[in-house]
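Working notes, beginning with the structure itself.
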Amino acid sequence: LPVQSAITHPRPGAAVPPGELTVRGYAWSGGGRAVVRVDVSLDGGRSWRVARLLGERPVPGRAWAWVLWELEVPAE
């Protein structure tokens, strides 16, 4: 399966003050394949940024759980 991902912070419709914002979420794949990268678009797919994966890296072929990620972005 291709990597699937969800944003958990900020919530949809949340008011975001200007400055730095940490966008957080989780991602998962299938077939025991590890998530090695999460790309995030904040402009409808025109540009992409690579998020930082959190936690320990899974053993290849034994990645049966999700991984947390975060991305620091400027909020306007």
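The values are calculated or read from the model by the stated rules, or taken from the named source; none is laboratory data. Keep in mind that what you see is a predicted model, and the values were worked out from it rather than measured. As a convention, Cβ positions derive from the backbone with ideal geometry for all residues, glycine included, and neighbour counts pool all protein chains shown.
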Inset, instruction - Name the residue, out of 41, 29, that is over 14 Å from residue 75 (Cα atoms) and either surrounded by 10 or more Cβ atoms within 10 Å (Cβ to Cβ) or in contact (Cβ under 8 Å) with a residue 60 or more places away in the chain (or both). - result: 29
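I'd like the full set of residues that are part of a loop (DSSP other than H, G, I, E, B) and at pLDDT 85 or above, limited to the range 43-56. Steps first, please.
Here is the first cut: in the range 43-56, the residues part of a loop (DSSP other than H, G, I, E, B) are 43-48, 51, 54-56.
Selection gives 43, 44, 45, 46, 47, 48, 51, 54.
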Inset, instruction - Could you tell me whether the range 5-25 includes any residue that is part of a strand (DSSP E or B), over 14 Å from the mean Cα position of the chain (by Cα) and charged (D, E, K, R)? - result: yes
